[in-house]
Amino acid sequence: MNRTAYHIGLIYVFLAMGNLIAIKTYADATFLTSFGVEYLPHFTVASTAAFVGASTAYGALVKRTSPTLLDPLVLVILMATCGLAPIIAPAGGPALFVLLVVIAAVGSIANLAAWNAVARTVSGREIRKLLPRAGAAATAGAVLAGFLSTGLAARLGVDRLPGVCLVIVVVLLATGLEVARRTTDMEPERPVAAPGRAGLSREASRLVTWLLIAAFAEAATGTVIEFLFKAQLKTTYGKN
């Protein structure tokens with residue numbers, strides 16, 4: 001394990017999750033302002049589909065391309081979308097709809113890349129102790145970004161958020177490159193497979209199973225809450 005890389009990775013996931021929350025705050029607020037609450041279901045479906053497609057493509061590319069090349073490319077694309085947002089937003093229309101969907105999807109992929117980066121810094125039994133700390137760092141980033149981005153949007157206007165996100169993405173790029181540099185020479189530990197099974201050990205298989213269950217439960221709960229919130233939002237403000 002590279003502890004220095006791990007601690008830099010904690011900063012990486014903290015910033016990535018915070019940036020994602022700020023991006024989603026901008027996307028949701030800008031969409032509501034430009035298109036109205038009645039089209040929120042369309043935006044939610046489009047954003048979900050975009051994330052599924054982008055994450056599938058990212059997963060396929062990771063198997064064929066080094067993350068040290070792919071992850072910076074994701075961040076560069078995110079920088080470009082943040083830079084384009086203030087230009088496209090005033091015009092509105094389909095171009096803005098596409099931009100908001102893309103910026104939210106790419107922000108999610110950047111967050112996923114940060115998680116993959118911090119996961120590469122640990123191995124063996126330390127994973128069970130150290131990855132939950134990364135989860136706590138990500139949660140802290142989300143909470144802090146939620147308050148800060150809401151306050152910033154209220155005081156300075158939501159159109160300032162892309163500029164803030166652009167600065168964060170530049171820091172993310174530098175942090176991600178440093179984590180990659182420090183983990184380039186790390187050799188992953190190979191778990192001993194249980195008899196009759198190939199690949200993961202029995203203990204690792206159980207861990208993966210519980211992680212899959214937890215991820216599914218989190219995704220399902222988050223989706224239900226989001227749809228209920230937006231349904232209530234449409235009921236409350238749809239006639240205004």
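Hey, rough spin-label estimate for Ala174 and Ala49, points 7 angstrom out along Cα→Cβ, what's it come to in nanometres?
Inter-label distance under the simple model: 4.0 nm.
Using a basic spin-label model with each label point 7 Å from the Cα along Cα→Cβ, how many nm lie between Asp159 and Ala91?
Modelled inter-label distance: 1.5 nm.
If you take the beta carbon distance between Phe147 and His42 as r and set R0 to 22 Å, what does 1/(1 + (r/R0)^6) give as a FRET efficiency, to the nearest 0.05?
The formula returns an efficiency of 0.15 here.
Within the set of other residues whose C-beta is less than 15 Å from the C-beta of Ile109, count the net charge using Lys and Arg as +1 and Asp and Glu as -1.
Neighbourhood net charge equals 0.
Once phi is turned into θ = phi - 60°, what whole-Hz ³J(HN,Hα) does the Karplus curve with 6.51, -1.76 and 1.60 give for every residue of segment 90-104, x standing for Gly and Pro?
x, 6, x, x, x, 4, 5, 4, 5, 4, 5, 5, 5, 5, 5
Kindly rank 139-151, 161-173 from highest to lowest mean number of other beta carbons found within 10 Å of each residue.
161-173, 139-151
Could you run the Karplus curve 6.51 cos²θ - 1.76 cosθ + 1.60 with θ = phi - 60° over segment 176-183 and give me ³J(HN,Hα) per residue in whole Hz, x for Gly and Pro?
These are the phi-based 3J(HN,Hα) values: x, 5, 5, 4, 4, 5, 7, 10 Hz.
Just grab the label-to-label distance for Leu73 and Ala60, each label 7 Å out from Cα along the Cβ direction, in nm (one decimal).
1.3 nm
Work out from phi, with θ = phi - 60° and the Karplus expression 6.51 cos²θ - 1.76 cosθ + 1.60, the ³J(HN,Hα) of each residue of segment 159-167, listed in order in whole Hz, and give x for Gly and Pro.
5, 7, 4, x, x, 5, 5, 4, 5
Only the coordinates and a few stated rules stand behind these numbers; no lab work does. All values reported here derive from a predicted model rather than from experimental measurement. Backbone-built Cβ (ideal geometry, glycine too); neighbour counts: all protein chains shown.
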